[in-house]
Amino acid sequence: MVYRLLPFLALAFLAVRPCLAEDEVNYDEAKVPTFTLPDPLRFEDGAPVTNAGDWKKRRKELLGLFASEVYGKTPVGRPEAMRFVPVKRVEGFLGGKAVLEEVRILFSGKEDGPFLDLLVIKPAKAGPEGVPAFLALNFAGNHSIHPSAEITLSTSWMRPNREDEKAGLLKDNRATELARGARAARWPVEKIIDSGVALATFYYGDVDPDFDDGFENGIHALFGKPGPDEWGSIGSWAWGASRALDYLETDPAIDGKRVAVFGHSRLGKTALWAGARDERFAMVISNDSGCGGAALSRRRFGEKVARINTSFPHWFADTFLKYNDNENALPVDQHELIALIAPRLVYVASAVEDEWADPRGEFLSAKLAGPVYELLGKKGVGVEEMPGLNESVGADIRYHIRTGKHDVTDYDWEQYLKAIHSL
Ligand code: GCU
């Protein structure tokens with residue numbers, strides 16, 4: 001009898017036994033493969049990087065590899081004809097504490113060409129050297145960060161979102177009046193202003209709408225269709241952040257030398273790449289950026305390279321496809337992206353319930369960028385193991401893992417405010 005049951009038992013065993021198929025998502029630390037990470041302090045030819053001069057050259061080498069193999073090569077600098085068009089200025093915003101400004105950045109200088117709408121909210125009082133500023137990319141339009149009717153409602157294409165559609169915030173991929181302040185919980189505008197910091201933000205879809213359209217629209221309408229090793233959407237959004245910084249540098253109320261680029265999730269990936277490329281950013285904040293952001297690709301924990309390339313084929317360069325289920329062949333890993341921000345302040349934040357983004361992989365990246373910071377006389381996370389929940393660690397590389405899920409919370413902002421005030 002038992003013998004007759006055996007095949008069925010074996011089948012049942014196979015069904016419950018945890019084994020990982022290629023497309024399965026791993027959330028088990030014991031199943032993280034063993035791997036060897038590339039060393040940021042070794043040139044591609046194996047020679048060691050022993051001083052700041054060497055690092056300058058190694059930095060170039062690494063930037064080149066991230067460009068050609070991951071995010072794609074990006075046009076350098078700003079288009080010659082680009083110009084800033086002031087749209088609005090509101091004195092006495094937030095009961096007189098702040099000034100609100102809106103500026104349209106015309107990338108080609110032409111009104112019917114691609115543009116980015118920048119919202120700048122700054123403390124009414126600023127010293128002669130100006131205030132520090134967060135430059136933050138937003139997911140749902142500038143009007144979504146605060147309920148004020150003063151903020152112009154975005155008319156740009158918005159990514160479909162069932163919840164927003166159900167709630168009437170989105171109709172035919174456009175925001176409705178109801179969408180004002182819809183994401184306000186993620187944006188403590190008053191707290192930022194009260195602490196003497198400005199907040200500048202733009203809708204990422206202005207630069208490149210977040211869908212796989214074969215790169216016809218957004219900034220690609222100006223630069224043409226990218227080749228296989230040229231910028232995907234993350235590269236475009238990061239380039240947009242640099243153009244917004246071009247503007248902030250012209251505003252005397254803002255200290256262009258103390259601008260922190262901030263992004264959550266896919267926009268956290270973007271902030272890291274923007275900060276790696278553009279050394280004018282004094283600080284970089286990656287909030288729950290995960291795969292293709294702060295998380296180490298070789299860990300294959302949560303979202304993997306193959307998965308992200310399948311779900312979002314337009315985010316990275318086509319060359320990144322080579323590394324689907326082949327992470328060990330990558331010439332780089334994400335700790336080196338963080339190292340590219342050295343010696344500037346970088347903040348990597350995780351959330352404990354955000355396993356998809358691999359919090360441990362994010363921590364390890366932050367920690368393993370440390371030797372580059374140390375070579376440049378700076379300090380890394382200062383701990384060997386992941387800190388406890390809601391405990392911010394580090395100096396020039398900072399890290400925390402907070403309670404809760406994939407989101408941006410007041411706890412996160414409190415840490416970013418402390419960090420920006422240390423600049
Ligand atoms: C998806 C994607 C992540 C990304 C996230 C987001 O979950 O898989 O890589 O970070 O969207 O941007 O919200």
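The values are calculated or read from the model by the stated rules, or taken from the named source; none is laboratory data. In this text, all values refer to a predicted model and were calculated from it rather than measured experimentally. Counting neighbours? That spans all protein chains shown, and the Cβs are built from the backbone with ideal geometry, glycine included. When the accessible area is computed, the model is the full protein with side chains, heavy atoms only, and any ligands, DNA or RNA have been set aside. Shrake-Rupley method; radii C 1.70, N 1.55, O 1.52, S 1.80 Å.
Of the residues GLY263, GLY268, GLY292, only one is out of contact with any helix residue (DSSP H, G or I) (no Cβ under 8 Å at 6 or more places or on another chain) and either at pLDDT below 95 or within 16 Å of the ligand (Cβ to nearest atom) (or both); which?
Only one candidate qualifies: GLY268.
Considering only residues of segment 138-157 that are open to solvent by less than 10 Å² (accessible area, probe 1.4 Å) and more than 15 Å from ARG104 (Cα to Cα), which is farthest from the ligand (Cβ to nearest atom)? Quick ask: steps written out before the conclusion?
The first filter runs over segment 138-157 and keeps only residues open to solvent by less than 10 Å² (accessible area, probe 1.4 Å), leaving 138, 141, 143-145, 151.
Retained after the next criterion (residues that are more than 15 Å from ARG104 (Cα to Cα)): 138, 144-145.
Numbers: ASN138: 12, SER144: 15, ILE145: 16 Å.
Of everything passing the filter in segment 138-157, ILE145 is farthest from the ligand (Cβ to nearest atom).
Would you tally the residues in segment 282-303 being closer than 11 Å to LEU267 by Cα and in contact with a Ser or Thr (Cβ under 6 Å, 6 or more places away or on another chain)? Explain how you work it out, then say what you get.
Going through segment 282-303, the residues closer than 11 Å to LEU267 by Cα turn out to be 285-290, 292-293.
Cutting the leftovers down to in contact with a Ser or Thr (Cβ under 6 Å, 6 or more places away or on another chain) gives us 288, 293.
Residues in segment 282-303 being closer than 11 Å to LEU267 by Cα and in contact with a Ser or Thr (Cβ under 6 Å, 6 or more places away or on another chain): 2 in total.
List the residue pairs whose Cβ atoms are under 6 Å apart, where the first residue sits in segment 385-410 and is among the hydroxyl-bearing types (Ser, Thr, Tyr), the second is open to solvent by less than 30 Å² (accessible area, probe 1.4 Å), and the two are 6 or more positions apart or on different chains.
Close Cβ pairs (under 6 Å, with a partner that is open to solvent by less than 30 Å² (accessible area, probe 1.4 Å)) amount to SER392/HIS400; SER392/GLN415; TYR399/VAL348; TYR399/PHE363; TYR399/ALA366; TYR399/VAL381; TYR399/VAL393.
Restricting to segment 72-96, count the residues that are open to solvent by less than 70 Å² (accessible area, probe 1.4 Å) and under 24 Å from ALA124 (Cβ atoms). Walk me through it before giving the result.
So the first thing to find is which residues in segment 72-96 are open to solvent by less than 70 Å² (accessible area, probe 1.4 Å), and the list is 72, 74-75, 77, 79, 81-82, 84-85, 88, 90, 92-94, 96.
Right, trim to under 24 Å from ALA124 (Cβ atoms) and you get 84-85, 88, 90, 92-94, 96.
Of the residues in segment 72-96, 8 are open to solvent by less than 70 Å² (accessible area, probe 1.4 Å) and under 24 Å from ALA124 (Cβ atoms).
Restrict the check to segment 319-340 and report whether at least one residue is small (Gly, Ala, Ser), in contact with an Asp or Glu (Cβ under 8 Å, 6 or more places away or on another chain) and either open to solvent by 10 Å² or more (accessible area, probe 1.4 Å) or within 16 Å of the ligand (Cβ to nearest atom) (or both).
Let us first name the residues in segment 319-340 that are small (Gly, Ala, Ser), namely 329, 339.
This time we only want the ones that are in contact with an Asp or Glu (Cβ under 8 Å, 6 or more places away or on another chain), so: none.
No - not one qualifying residue is present in segment 319-340.
Out of (1) within 16 Å of the ligand (Cβ to nearest atom); (2) surrounded by fewer than 24 Cβ atoms within 10 Å (Cβ to Cβ); (3) within 22 Å of ARG402 (Cβ to Cβ); (4) of a type in the set (Val, Ile, Thr), the odd one out for VAL352 is which?
(1)
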